[in-house]
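Novice: Here you go, one structure.
The values are calculated or read from the model by the stated rules, or taken from the named source; none is laboratory data. The model shown is predicted, which means the values in this text are computed figures rather than measured ones. Counting neighbours? That spans all protein chains shown, and the Cβs are built from the backbone with ideal geometry, glycine included. Ligands, DNA and RNA are stripped out before the accessible areas are found, and what is left, the full protein with its side chains, is counted by its heavy atoms. Shrake-Rupley method; radii C 1.70, N 1.55, O 1.52, S 1.80 Å.
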Amino acid sequence: FWKKRCAIENQYAKSLRKLVESYEPKSRKDSEESKATHVKCFTRMLSELKDIAGQHELIAENVQDKVIQRLIQMIKTLKEDRRKCIEDQDRCLNEHQSSDDLLEKCTHRYEKAFKEVEKAKEQLIKVENDDSASKNDIKKQKSVVDSKQTTFNQCQAEYGNQLCEANRAKAVYYNEKLPSIMDSLHSME
């Protein structure tokens, strides 16, 4: 708008100057006193019109220097602030998603460890019920169950910790970070 306004003001001033030049008296030999009153009046009107053209040029220049330059700076600042907000939002979302990804991995390890413990326990029951199995076989199977149970307990603890961490990250993201980013975006408007 302001750029177009400056162009219009400049074009108007240029047109006024052209009009004044085309109607200005060519010779200045005649003294001001010898001219007729209507000629003097017309000459003064042309002089005023020339001044008006200068004022329109001044308006265009001031709008260009003060308004447009300030608007350009404000737009640049707003774009930079918006870009920073978007980067912050992306960074926070990546943190949130990485926490969810870790939880997903822990969940799979936990489920796998649980299935292995169940399978090892079933295998122990089979070995204990098998009359042909030796005490050594039963002892080996019990040690397998114990190691699988230890792995399962570690995975269970890791899953619990990661679940708490993912819930905390989710709460921070939705309750603190995202609202502050949205507030900063709204404050720019």
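Novice: Using the Kirkwood radius over C-alpha pairs as Rh, can you work out the diffusion coefficient of the range 112-189 via Stokes-Einstein at 10 °C, viscosity 1.306 mPa s, in µm² per second?
Specialist: Value of D from the Cα-based Kirkwood radius: 99 µm²/s.
Novice: With the other protein chains left in place, how much accessible area per residue, in square angstrom, belongs to the range 38-89 at a 1.4 angstrom probe?
Specialist: Counting only protein heavy atoms, the per-residue value for the range 38-89 is 76 Å².
Novice: When all protein chains stay in place, what accessible area (Å², nearest 10, 1.4 Å probe) is found for Glu158?
Specialist: Using a 1.4 Å probe on the heavy atoms, I get roughly 70 Å².
Novice: If you average 1/r across every pair of different Cα atoms in the range 1-110 and take the reciprocal, what Kirkwood value do you get, in Å?
Specialist: 19.7 Å
Novice: Okay, moving on. Given the DSSP H assignment, sum -39500 (n - 2.57) over each helix run of at least 4 residues in the chain and divide by its residue total; what's the result at 222 nm in deg cm²/dmol, nearest 500?
Specialist: So the calculated ellipticity at 222 nm is -30500 deg cm²/dmol.
Novice: Stick to the Cα atoms of the range 35-92, pair each with every other, and give me the Kirkwood hydrodynamic radius in Å at one decimal.
Specialist: Final number for the Kirkwood radius of the range 35-92 is 15.4 Å.
Novice: Summing +1 for each Lys or Arg and -1 for each Asp or Glu, what net charge is found among the other residues whose Cβ lies under 12 Å from the Cβ of Gln11?
Specialist: So the environment of Gln11 carries a net charge of +3.
Novice: Also, I was wondering about something else. Measuring from the lowest to the highest alpha carbon on each principal axis, how far does the range 47-158 reach, largest first, in angstroms?
Specialist: 125, 15, 12
Novice: Let me ask you something else. So if I place +1 on the C-beta of Lys and Arg and -1 on the C-beta of Asp and Glu, and nothing else carries charge, what would the dipole magnitude of the range 1-156 be about its Cα centre? I want it in debye, nearest 20.
Specialist: The dipole of the range 1-156 has a size of about 720 debye.
Novice: Next up: Straight-line reach from Lys139: which lysines have a Cα under 30 Å away, not including same-chain ones fewer than 8 places off?
Specialist: The reachable lysines, counting only those whose Cα sits under 30 Å from Lys139, are Lys112, Lys115, Lys119, Lys121, Lys126, Lys148.
Novice: Another one. Taking the Cβ of Asp51 as the center, what net charge do the other residues with Cβ under 12 Å away carry, scoring Lys and Arg +1 and Asp and Glu -1?
Specialist: Taking every other residue near Asp51 into account, the sum is +1.
Novice: Also: Rounded to a whole number, what % of the accessible area of the chain do carbon and sulfur atoms account for, probe 1.4 Å?
Specialist: Using a 1.4 Å probe with all protein chains present, the chain comes out at 53 percent carbon and sulfur.
Novice: Further question on the same structure: Compare Asp131, Asp88, Asp146 in a GNM of the chain, Cα atoms joined below 10 Å, and give the one with the largest fluctuation.
Specialist: Answer for the Gaussian network model of the chain: Asp131.
Novice: Hey, got a sec? Which trypsin sites (Lys or Arg not before Pro) in the range 129-189 land in a DSSP loop and have at most 15 other Cβ atoms within 10 Å?
Specialist: Qualifying residues, ordered by number: none.
Novice: Additional query: With a 10 Å cut-off between alpha carbons and a GNM built on the chain, which of Glu176, Glu128, Glu104 moves the most?
Specialist: Glu128
Novice: Something else about it: With viscosity set to 1.306 mPa s and temperature to 10 °C, compute the Stokes-Einstein D of the chain, Rh being the Kirkwood radius across alpha carbon pairs; µm²/s, no decimals.
Specialist: My calculation gives 62 µm²/s for D.
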